[in-house]
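One structure is given below, encoded as structure tokens.
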Amino acid sequence: MLLLAGGRVVTPDGVLDPGWIRLAGDVIDAVGSGRVLEELAVDLRGRWVLPGFVDVHVHGGGGASFTEGTSDQARQAAAFHRGQGSTTVLASLVTAPLAELEARAGLLAGLADEGAIAGLHLEGPFLSPARRGAQDPRHMIAPDVAVFERLHAAARGHLRVITLAPELPGAFAVIQAATRAGVTVAVGHTDATAEVTLAAIDAGATHATHLFNGMRPPHHREPGAVGALLDRDEVTCEVIADGVHLDDIMVRLTARAAGPGRLVLVSDAMAAAGMPDGSYQLGSQRVTVAGGVARLLEDLGRPGPGGDAAIAGSTATLADVVRHAIAAGLPVPDAAAAASTTPARVLGLADRTGALRPGLAADLVVCDDDFHPRAVMRHGEWLTAPPAQPH
């Protein structure tokens, strides 16, 4: 048994201040409030204790990527994010030639078999060229059930989420096929109207990939995909609250509209997360990072609708996103739910991780007052040195 005591423990029922967590191996045995007089307890006074983050949209980090490179490099990306508090990571692929996507899916399935990642997210190839963002339009194709089945087979049961544009021909057949296969269907990189999006939800889509980004902007007479996705209670909505992809007002409005049970904070990180400015790769696309903002190299000097070259993922970790979301006004328990509890439910892992409550995995992040991670535990093992008491 290991006892963690004295910190502000963020649970599904609120903040326990002070609170304590008793661990039994790799599982949380009990959680409670009040002071504990036990010499062997890990003293977490002055710290926040949050559930380990669950990042359902991440392409890489620490100089390595899931979208290209070797198995060891993909492991490096996963390990980087674990060390920053994302104890559960879904590896996201981008649009690429079908044979390449099959090969990457097979490679990443091996990492899922060994527990390094929680599975795969296919962000492409069934996307709208009109809302491509940093995706390569040369390899975008119309939704096709046979292609989906090939990719699903290549992932060997580890495909968890697929993003598609529902307005494309063949999309509804793929939505239905994916739903039957137990794969979460996300609406994203889409120019769909609200009417088409609502029909896609009726067909089985239940998730929104980085709401607002890569979507038709909402209008008061045509709310588009954004309005439809926010309007339906069964849909969970990703937001990249990194201070780059969305204005903080939009983050707060989305949080109010969706509520903590539907809001999902994601990093959308690429290889440059945690790295200095410079040149990087995102799938087949070359990316330049300047001032911590990643943009497509080919778009520099050729501004898009917002006056800037296309943003190419983020350089943030989910811990960075959580910290920014709290600074933008989200209550700490709501931010924890959006970064851990709700995404765990999206992945079908709510009975295993995503909250600090008895019976779940001992996955947690110890943060300082500014919500910088100071220690990370995964499955009852410290990934970093046990936290020292602050002075």
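The values are calculated or read from the model by the stated rules, or taken from the named source; none is laboratory data. Remember, it's a predicted structure, so these values are computed and weren't measured experimentally. So basically every Cβ, Gly included, is an ideal-geometry build from the backbone, and we count neighbours across all protein chains shown. Surface accessibility is based on the protein's heavy atoms, side chains included, excluding ligands, DNA and RNA. Shrake-Rupley method; radii C 1.70, N 1.55, O 1.52, S 1.80 Å.
Observations on the structure shown:
- Count of residues meeting criterion [closer than 19 Å to residue 235 by Cβ and in a strand (DSSP E or B)] in region 153-187: 9
- For region 218-229, the set of residues classified as within 18 Å of the chain's Cα centre (by Cα) and open to solvent by 10 Å² or more (accessible area, probe 1.4 Å) is empty.
- Evaluation of residue 116 against the conditions (1) open to solvent by 10 Å² or more (accessible area, probe 1.4 Å); (2) in contact (Cβ under 8 Å) with a residue 60 or more places away in the chain; (3) not basic (Lys, Arg) shows that the sole unmet condition is (2).
- Close pairs from region 171-187: first under 17 Å from residue 157 (Cα atoms) and modelled with pLDDT of 95 or more, partner of a type in the set (Val, Ile, Thr) and part of a helix (DSSP H, G or I), Cβ under 7 Å, at least 6 apart: 174/145; 177/145; 184/346; 185/175; 185/179
- Within region 43-69, considering residues that are touching a residue at least 12 places away in the same chain (Cβ under 8 Å) and open to solvent by 20 Å² or more (accessible area, probe 1.4 Å), the one farthest from residue 6 (Cα to Cα): 68
- Verdict on residue 127 being surrounded by 18 or more Cβ atoms within 10 Å (Cβ to Cβ), of a type in the set (A, V, I, L, M, F, W, C) and closer than 27 Å to residue 322 by Cβ: no
- Residue that is farthest from residue 249 (Cα to Cα), among those in region 344-361 that are touching an Asp or Glu at 6+ places or on another chain (Cβ under 7 Å) and not hydrophobic (A, V, I, L, M, F, W, C): 358
- Scanning region 337-380 for residues being open to solvent by 20 Å² or more (accessible area, probe 1.4 Å), more than 21 Å from residue 19 (Cβ to Cβ) and outside any loop (DSSP other than H, G, I, E, B) gives a total of 2.
Residue by residue, here is whether (1) of a type outside the set (Val, Ile, Thr); (2) over 15 Å from the mean Cα position of the chain (by Cα); (3) modelled with pLDDT of 95 or more holds:
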{"position": "40", "(1), (2), (3)": "yes, yes, no"}
{"position": "55", "(1), (2), (3)": "yes, no, yes"}
{"position": "75", "(1), (2), (3)": "yes, yes, yes"}
{"position": "80", "(1), (2), (3)": "yes, no, yes"}
{"position": "93", "(1), (2), (3)": "yes, no, yes"}
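- Residues in region 334-382 that are closer than 17 Å to residue 56 by Cα, without any contact (Cβ under 8 Å) to a residue 24 or more places away in the chain and among the aliphatic types (A, V, I, L, M): 350 alone.
- Qualifying residue in region 272-283 (condition: touching a helix residue (DSSP H, G or I) at 6+ places or on another chain (Cβ under 7 Å), surrounded by 23 or more Cβ atoms within 10 Å (Cβ to Cβ) and modelled with pLDDT under 95): no
- Scanning region 244-256 for residues that are assigned to a loop (DSSP other than H, G, I, E, B) and either in contact with a Gly (Cβ under 6 Å, 6 or more places away or on another chain) or under 14 Å from residue 188 (Cβ atoms) (or both) returns a single hit, 245.
- Here residue 241 meets the list (1) in a loop (DSSP other than H, G, I, E, B); (2) within 20 Å of residue 124 (Cα to Cα) almost entirely, failing just condition (2).
- For residue 290, the requirement of being among the aliphatic types (A, V, I, L, M) and surrounded by 17 or more Cβ atoms within 10 Å (Cβ to Cβ) is not met.
- Lone qualifier among 190, 197, 209, 184 - being in contact with a strand residue (DSSP E or B) (Cβ under 8 Å, 6 or more places away or on another chain) and over 21 Å from residue 133 (Cα atoms): 184
- Flag for residue 141 being farther than 18 Å from residue 77 by Cα and in a loop (DSSP other than H, G, I, E, B): yes
- Looking only at region 130-161, and only at residues there that are of a type in the set (Gly, Ala, Ser) and in contact (Cβ under 8 Å) with a residue 60 or more places away in the chain, the one that is most open to solvent (accessible area, probe 1.4 Å): 130
- If you go through region 2-42 and keep only what is surrounded by fewer than 15 Cβ atoms within 10 Å (Cβ to Cβ) and either at positive phi or of a type in the set (Asp, Glu) (or both), you end up with 13, 14, 17, 25, 26, 34, 38, 39.
- Contacts under 6 angstrom Cβ, first residue in region 300-324 being farther than 30 Å from residue 50 by Cβ and small (Gly, Ala, Ser), partner assigned to a loop (DSSP other than H, G, I, E, B) and at pLDDT 50 or above, 6 or more apart: 304/310; 310/133; 310/134
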